[in-house]
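Below is one structure, written out as structure tokens; comments come after it.
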Amino acid sequence: MPAIKLETHINAPIQLCFDLSTSIDLHKISTAATNEKAIAGTTEGLIKLNECVTWEATHFGIRQQLTTKITAFDSPVYFRDEQLKGAFKFLEHDHYFETKGDTVLMKDVFNFQSPFGFVGHLFDRLILNNYMRKFLIKRNNTVKKFRKQTSGS
């Protein structure tokens, strides 16, 4: 099963980084290229434990929906979202936050698997792993950008 691990350093308070990462509104901004919209569940503001959101977006030219649920939540150090319904056979995304001096180390561990057996496995390795890595990096860079606007530095 593919796993994407990212580390992002952000010069901001840990609570701000956590809140920006749980913001439905900021996620919409970071995914403007795929026209992602929150269409059901928690559709704005900060998502919390046991809350769900259904996203509608276009990826690889295909309009699709993905419903995730926050299944673990320990503000401001950790949360997990998991797919309940969508294109993936399996999706689990852990978000960790740790203060390191004047910065916050934000870690993503994104585990996923496509359906369709061997063909899905090839798609994961050849295409989807890189696509999802870029998607997550863009989201993290949006958190960094809005950190500056929110904190004024």
Can you list the lysines whose alpha carbon is less than 29 Å from that of residue 37, not counting same-chain residues fewer than 8 positions off?
5, 28, 48, 69, 85, 89, 107, 134, 138, 144, 145, 148
Alpha-carbon spread of the chain, three principal axes, descending order, Å
46, 29, 28
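For every other residue with a beta carbon closer than 11 angstrom to the beta carbon of residue 34, add +1 if it is Lys or Arg and -1 if Asp or Glu, then tell me the sum. Display every interim value, and only then the final one.
Details: positive: 28, 37, 63, 138; negative: 36, 56.
Surrounding charge for residue 34 is +2.
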The FRET efficiency for residue 126 and residue 25, from their Cβ-Cβ distance with R0 = 35 Å and rounded to 0.05, is 0.55
Computed over the range 17-77, Cα set: Rg, Dmax in Å:
11.8, 36
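To the nearest 500 deg cm²/dmol, what mean residue ellipticity at 222 nm is calculated for the chain from DSSP H runs of n ≥ 4 alone, each contributing -39,500 (n - 2.57), summed and divided by the residues? Don't skip to the answer; put the middle values down first.
Values: 4 runs with 45 residues, N = 153.
Value at 222 nm, helices only: -9000 deg cm²/dmol.
Excluding residue 109 itself, calculate the net charge of residues whose Cβ lies under 12 Å from the Cβ of residue 109, where each Lys or Arg counts +1 and each Asp or Glu counts -1.
Computed value for this residue: -2.
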Taking 0.36 nm per residue of sequence separation and subtracting the Cα-Cα distance, how much length would be gained by fully extending the chain between residue 111 and residue 58, in nm to one decimal?
17.0 nm
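Quick note: the coordinates plus some simple rules give every number you see, no bench work behind them. Everything numeric here is computed off the predicted structure, so don't read it as measured data. Using ideal geometry, Cβ is built from the backbone for each residue, glycine included, and neighbour counts are taken over all protein chains shown.
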